[in-house]
Amino acid sequence: MNTHHTFPGIAARAARTDATGSIPPENWQDLKDSGYLRLFHPPHLGGTGADAATQVQAMEALARACSGTYWSATVSALLCAKLISTYGDERHHRLIRPLLTGDRLAAFAIVEPAAGSDPATYRTTVRPTGNGYTVNGEKSRITNAPNADLAVTLARRDKPADDTGPDWCLAFVDLNQPGVRRYDIPHMGLRGMPWGGIVYTDAHIDESDVIPLPFTELAEGMTWGWLLVSIAAVATAESALTASVRHARRRISFGRPLAHMEGVQAQLADSRTHIDAARLLAHRGAAERVAGASARDLIGMLKIYATEMSVQVTARAVQIHGATGVTQGHEVERHYRDAQMNVIGAFATNRLREQIAEHLGLGPAVYRPFDWLTPTGLTHDPVSLDGLTTG
Amino acid sequence: MVFPHHPARPDGASPSAKAAQELADRTQELTHRLARPTTADRDRRRQWDDTLLTALCDPTGPHLAGLLVPQSLGGAGLTATQTCHILDTLGEGSRDPGLGLALTVHTALATVPLRALGTTAQRERYLPRMASGEWLGALSLRQTQSTASPPTITARPAPERPGGWILHGRADLVALGPQAHHFLVIAEHDDTTRTAFVIDRDTPRLHVHSTDQAAMPTCPWATLQLDDCLVLPDAVLGTVRGAATETEPLLATLDWIFTSAPWLGIMRALTHDALAAAGTRTLFGTPLAHGQSTRFALADIATRGELAAGLLHHAAAQFDADGRPSRRDAAAARLFTVTAARAVTQDAARLIGPAAADGDHLVERAHRDALFFASTGGGTDVLHPVIAASLLGSGRP
C-alpha cells in the first residue's frame with residue numbers, strides 16, 4: 001500500500017485523461033494498489049479506517065494528480081459507500097466491499113433533468129411489485145452514470161394510503177440490467193470524469209435495497225459530498241498556484257521576472273492566503289465528521305468558500321500565465337475549467353447559502369413570485385424638471 | 001447550528017485548558033457587565049477607564065494583563081492559542097476594538113519580547129508587575145513592521161557611560177502610551193543595524209505627548225519623544241544590534257496574530273447585530289430575513305468568521321509548538337482577518353441600515369476602526385510581499 005498517498009502515474013496521465021474524456025485503466029489499477037479506496041471505512045467493511053488528517057491528505061493528493069479521476073473514485077468509495085453504510089445495514093455490506101476493492105463503481109443518482117436541487121421536480125419513483133420493487137424515471141448530470149455498476153438512487157415511494165412512512169427512499173439499484181439505459185453528457189471541466197444520465201424503465205430492485213428516508217436526511221448524507229468537492233477545489237487551487245509561482249519565477253517580462261512585479265506578488269499572496277483558509281477549514285470539518293459529528297453547516301460553509309475561492313485562484317493563474325494560460329491543453333486552462341465544476345456539483349453554492357442562513361436562525365427560504373416592486377411605486381419614471389408637460 | 005464555532009476553545013481534558021476556559025468565562029462575564037454598557041460612551045468621550053482596566057487585569061478575575069506571562073512570574077501561563085481565544089472573547093464581550101487593541105498591545109506585544117529575549121533581571125523586574133497590571137507596557141505600532149517604514153529613532157554610544165546609549169527621535173502611534181510605565185523602542189545605529197530597548201517612563205528627557213487618533217479612541221494614544229535620552233546597558237533587550245533578527249520579526253508576528261484576535265469577537269458581535277436586524281427590519285412588505293441577498297450575506301459573514309478564526313489559531317498554535325512560528329502564516333492570518341473584518345462590517349452595515357436609533361452603534365464604530373485596523377501591521381502593502389516572498393523563495397533567510 002502506498003502510505004504516502006502520492007499518485008505520480010495518475011498525475012502524468014492527467015492531461016491525456018482530460019483530452020480523451022476517459023479515465024485510463026491504469027489509473028484504476030493505481031488506485032487499487034494505493035489503498036486509496038479503502039481509507040474511508042472501518043475494517044469490517046473492508047476498509048482501513050484512516051484518521052481524518054490522512055483521509056484529507058490522500059484526497060487532496062489524488063485531486064491534485066487528476067481531478068476527474070478523484071471525483072469518479074471518491075464519489076464511489078467515499079460518498080456512495082458512506083450513504084450505503086449509514087442508511088443500510090449488514091445486508092448491504094456486500095454492496096460496499098467491491099466499491100472499496102475497486103471492482104465495482106457507484107453513482108449517486110439524485111438530480112433529474114427538470115431541475116438541480118429542487119426535490120419538487122423529482123419524478124423518479126419506486127413501486128412494490130410483490131417481488132421486490134421497480135424503479136422508473138430519469139436521473140441526469142450524474143457522476144459515474146455512464147459506467148457505474150450501482151446507483152444509490154433518490155426516489156419517491158409509491159406507497160399505499162395506510163403507509164405513514166417517509167415519502168422518499170434511497171434505492172440501491174444494480175445498473176447492469178435490462179431496465180437501465182445510460183448516456184454521456186459532454187461537460188466543461190473534469191472531462192475525464194464519467195458524467196451523464198440514467199433512465200430507469202421498470203428496473204428491478206431487491207426488497208432489502210430500498211431504504212425509506214425523510215428528505216431532510218439527504219443533506220446529512222450529502223455532507224460527505226460537500227467535503228469531497230471542497231477538497232477537490234482546494235487541490236485545484238493549489239495546483240493553479242503552484243503553476244503560477246513556477247511561471248512567475250521563470251517568465252521574464254519588461255526586463256525582470258514576473259515575480260518581481262508587485263501586482264503579481266499580491267495575486268500570489270491572496271491565493272496562498274485563501275487556499276490556506278479553506279484547507280484549514282477542510283481539516284477541521286473532516287476531523288469533526290470522521291469523529292462522528294454532523295459538521296453539516298461547517299462543511300456547507302466550506303463548500304461555498306472553497307469552490308468559489310478556487311475559481312478566483314484559477315482565474316488569477318490564467319491571468320499570470322497570459323496567453324499561455326488560455327491555450328488549450330495547458331495545465332491552468334484545465335484547472336480553470338475544473339474549478340467551475342466544483343461550484344455547481346453537489347448543490348450549487350447559493351443553494352448552500354440558503355441552508356446556512358436557515359440554520360443561523362433566519363428560518364427556511366421563503367419564495368414569493370415577483371412583482372414586489374410595482375406596489376411601492378418604484379416602477380414609475382419621474383416628471384421632468386418642468387413638471388408635468390403636455391405633448 | 002452551533003454558531004459561532006470556537007475552533008480553539010481549549011480542550012477541557014487538561015488542567016491548563018480548564019484554567020484557560022475559566023479565564024475566558026470570567027472575561028465574557030466581566031466584559032458584558034462592565035465594559036459593554038459603557039463602550040459607546042467611552043468611545044464618544046475618548047475615555048480610558050482605569051477602573052475597568054483594574055477589573056480586567058485582576059489576577060483573581062480575567063487576568064488579562066498576564067495571559068502570556070509564565071506562572072512562575074505571576075502570570076496565567078496560557079498558550080498563544082488560548083490567549084487568542086480570550087482576546088476573541090474580549091472583543092465580542094466588550095464590543096470595543098480600542099479596548100481590545102490596548103490590552104493586546106500590553107499583553108502580547110509589550111510582554112512577549114521581554115519574556116522571550118529579556119535577561120533574567122529584566123524578566124524578574126518587569127513581568128510580575130506587567131502580569132498584575134501594575135505596570136503597562138507600550139510601543140509604537142509603526143515599529144512592528146521592521147524597517148518597512150523609515151526608522152525614526154537613533155542610537156549612538158553614550159560618551160560618558162560605557163555600554164550606555166543616547167537615544168534620539170520621535171515615534172507616533174504609541175498605543176497605550178499615556179498609561180504606560182515603560183516603552184519598547186527600536187533604535188537605529190549609524191550603520192543601519194538596530195537595537196531594541198526597554199525604557200522606563202521616568203527616564204530623563206523622555207516625553208510622552210497624548211494624541212487623538214481618528215479611530216479606536218478608547219485606546220489611549222501618544223507620541224513618544226526622546227531628546228538625547230541616556231539609557232544604561234540594562235535597558236537593551238536582546239543583543240546589541242540584533243533587533244533585525246530578534247525583536248523585529250517577533251513584533252511583526254505578534255502584531256499580525258494577536259491584534260487581529262479581538263476582531264474575531266467584533267465580527268461575531270456584528271453578525272449577531274445583523275441577524276437581529278434581518279429579523280426585525282422589513283423591505284417590500286416582508287422581513288429582511290426573507291430576502292436572498294440578506295440570507296446570502298449572512299451566510300458569507302458567518303463563513304468569513306470561521307475562516308479567519310481557523311487561520312489565526314493555526315498561526316498562534318505555532319508559538320505553542322516546537323520550532324519557530326511562520327511569518328508567512330501570521331501574515332496570511334492578518335491579511336485574511338483584515339479583509340474579513342471590512343467585508344463583515346460592510347455587509348452588517350447594509351443589513352442594519354443607516355442611522356440606527358438605539359444600541360451602541362457598533363457597526364458605525366467598526367466601520368471607522370476596521371479601516372484603521374487594515375492600515376496597521378503594514379497593511380496589504382507589507383503583507384502581500386511577505387507572503388509572496390515565501391512562495392517565490394525570494395528574500396532572506
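Read-outs throughout are calculated quantities, based only on the coordinates presented, and are distinct from any laboratory measurement. A quick note: this is a predicted structure, and the numbers were derived from the prediction, not measured. Positions of Cβ are backbone-derived with ideal geometry, glycine not excepted, and every protein chain shown enters the neighbour counts.
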- Karplus (6.51, -1.76, 1.60) ³J(HN,Hα), θ = phi - 60°, over region A:359-365, in Hz, Gly and Pro reported as x: 7, 7, x, 8, x, x, 4
- Please list, in chain and number order, the residues 5+ apart from A:Ala109 or on another chain whose amide H is under 5 Å from its amide H, with Hs placed from the backbone. A:Val152, A:Thr153, A:Leu154
- If the cut-off is a Cα-Cα distance under 13 Å, which aspartates and glutamates reach A:Lys32, setting aside same-chain residues fewer than 8 apart in sequence? A:Asp103
- What's the average, rounded to a whole number, of partner chain beta-carbon atoms within 10 Å of each residue's beta-carbon in B:325-336? 3
- Query: Over the alpha carbons of region A:217-362, what is the largest minus smallest coordinate on each principal axis, giving the biggest first in Å?
  - Reply: 58, 28, 26
- Model label zone, B:Asp202; criterion: amide N under 13 Å from point 7 Å along Cα-to-beta-carbon; scope region B:41-72: none
- For A:Ile185, B:Ile166, what ranking results if the residue with the fewest other Cβ atoms within 10 Å of its Cβ goes first? A:Ile185, B:Ile166
- Message: Give me the extension gain from A:Trp372 to A:Asp103: residue separation times 0.36 nm, minus the current Cα-Cα distance, reported in nm with one decimal.
- Response: 91.3 nm
- Message: Could you work out the percent of alpha carbon pairs in the protein assembly as shown separated by over 50 Å, rounded to a whole number?
- Response: 26
- Message: For a Förster distance of 56 Å, can you work out the FRET efficiency between the beta-carbons of A:Gln312 and A:Ala161, rounded to the nearest 0.05?
- Response: 0.60
- In whole angstrom, note down how far apart the Cα centers of region A:143-187 and region B:260-307 are. 39
- Task: Give me the number: length gained by fully extending B:Leu34 to B:Thr51, i.e. 0.36 nm times residue separation minus the C-alpha to C-alpha distance, one decimal in nm.
- Result: 5.2 nm
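Tell me the net charge near B:Gly242. Cut-off is 14 Å between Cβ atoms, B:Gly242 excluded, with +1 for each Lys or Arg and -1 for each Asp or Glu.
Values: positive: B:Arg194, B:Arg241; negative: B:Glu188, B:Asp191, B:Glu246, B:Glu248.
So the environment of B:Gly242 carries a net charge of -2.
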- Item | Amide N of region A:12-51 lying under 19 Å from the label point, which is placed 7 angstrom from the Cα of A:His93 along Cα→Cβ | A:38-50
- Message: Starting from the 7 Å offset along Cα-to-Cβ, what nm value, one decimal, do you get for the label separation of A:Ala293 and B:Lys18?
- Response: 2.2
- Note on the structure: Cα-only Rg/Rh for region B:145-211 with Kirkwood Rh rounds to 0.96
- Mind jotting down the distance between the C-alpha centroids of region A:254-277 and region A:366-387, whole Å? 46
- Message: Using the basic label-point model (7 angstrom from Cα toward the beta carbon), what is the A:Thr216 to B:Ala244 distance in nanometres?
- Response: 6.4
- Item | Within-13-Å neighbourhood charge of B:Trp48 [Cβ basis; K, R +1; D, E -1] | -3
- Ranked output for segments B:179-186, A:127-134, B:94-101 by mean other Cβ atoms within 10 Å, highest leading, reads B:94-101, B:179-186, A:127-134
- Any idea what the relative contact order of chain B is, in percent, if you count C-alpha pairs under 8 Å spaced at least 6 apart? 17
- Item | Computed Kirkwood radius, in angstrom, where 1/r is averaged over Cα pairs of region B:61-108 | 10.7
- Note on the structure: Summing -39500 (n - 2.57) over every DSSP H run of at least 4 residues in the protein assembly as shown and dividing by its residue count gives a helix-only mean residue ellipticity at 222 nm, to the nearest 500 deg cm²/dmol, of -15000 deg cm²/dmol
- Sorted by mean Cβ packing within 10 Å, highest first, what order do the peptides A:261-270, B:50-59, B:331-340 take? B:331-340, A:261-270, B:50-59
- Note on the structure: In Å, the C-alpha Rg and Dmax of region B:204-362 are 21.5, 72
- Task: Could you work out the Kirkwood radius for region A:107-213, taking every pair of different alpha carbons, averaging 1/r and inverting it, reported in Å?
- Result: 13.9
- Query: So what is the relative contact order of chain A, in percent, for Cα pairs below 8 Å that sit 6 or more residues apart?
  - Reply: 15
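Mind checking the mean number of beta-carbon atoms from other chains within 10 Å of the Cβ atoms in B:288-295? Please list the in-between numbers first.
Working: counts 1, 7, 7, 3, 7, 0, 2, 12.
Mean shielding count: 5.
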- Note on the structure: Rounded to the nearest 0.05, FRET efficiency between A:Arg16 and A:Arg246 (Cβ-Cβ, R0 30 Å) equals 0.90
- Would you mind computing, in nm to one decimal, how far apart the modelled labels at B:Leu232 and A:Thr125 are, each placed 7 Å from Cα along Cα→Cβ? 9.4
- Message: If I stretch the segment between B:Gln71 and B:Asp358 completely, what's the gain in nm (0.36 nm per residue apart, minus their alpha carbon distance), one decimal?
- Response: 99.0 nm
- Item | Mean shadow area of region A:1-57 over all directions, Cα convex hull, nm² | 4.3
- For region B:46-117 and region A:33-104, what is the separation of their C-alpha centers, rounded to whole Å? 47
- FRET efficiency estimate (nearest 0.05) - Cβ-Cβ, B:Ala276 to B:Asp41, R0 30 angstrom: 0.90
- Item | P(r) of region B:15-136 over all Cα-Cα pairs, binned every 5 Å from zero, in whole percent | 2, 12, 24, 25, 18, 11, 5, 2, 0
- Item | Cα Rg, Dmax (largest Cα-Cα span) when computed across region B:105-259, Å | 14.2, 43
- Task: Order by neighbour count: B:Ser72, A:Ser271, fewest other Cβ atoms within 10 Å first, most last.
- Result: B:Ser72, A:Ser271
- Message: Ratio of alpha-carbon Rg to the 2.2 N^0.38 Å globular estimate for chain B, to two decimals, please.
- Response: 0.98
- Task: Please say if region A:241-298 is rounded, prolate or oblate, where rounded means a/c under 1.5 for a ≥ b ≥ c the square roots of the C-alpha gyration tensor eigenvalues, and otherwise the choice is prolate for a/b larger than b/c and oblate otherwise?
- Result: prolate
- What order do you get for B:274-281, A:214-221, B:24-31 when each peptide is scored by the mean count of other beta carbon atoms within 10 Å, highest first? B:24-31, B:274-281, A:214-221
